1. If the requirement is being out of contact with any strand residue (DSSP E or B) (no Cβ under 8 Å at 6 or more places or on another chain) and modelled with pLDDT under 95, which of these qualifies: 62, 39, 3, 73?
2. Any residue at all in region 45-53 that's touching a residue at least 24 places away in the same chain (Cβ under 8 Å) and within 20 Å of residue 14 (Cα to Cα)?
């Protein structure tokens, strides 16, 4: 969604200072950028394979929604 930013839209829900999920997937459309807790930055564009470690912020760039196909392991509950 254009204007979406993890630290603005998800931080209060997650209750952590940064996203703690490991994301592995593929960008179908849109443009995103982000910053790891260690200060490194990243960008995602269509056709990019993603491997974003836990401890990051991310945001959509531009007016086009970012659509990502994310791969994950089996769901677990606590």
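The values are calculated or read from the model by the stated rules, or taken from the named source; none is laboratory data. Just so we're clear, the structure is a prediction, and the values are computed from it rather than from any experiment. All Cβ positions, glycine included, derive from the backbone under ideal geometry; neighbour counts span all protein chains shown.
1. Values: 62 fails: modelled with pLDDT under 95; 39 fails: modelled with pLDDT under 95; 3 fails: out of contact with any strand residue (DSSP E or B) (no Cβ under 8 Å at 6 or more places or on another chain).
Checking each option against the conditions leaves just 73.
2. Filtering region 45-53 for residues touching a residue at least 24 places away in the same chain (Cβ under 8 Å) gives 49-53.
Right, trim to within 20 Å of residue 14 (Cα to Cα) and you get 52-53.
For region 45-53, residues touching a residue at least 24 places away in the same chain (Cβ under 8 Å) and within 20 Å of residue 14 (Cα to Cα): present.
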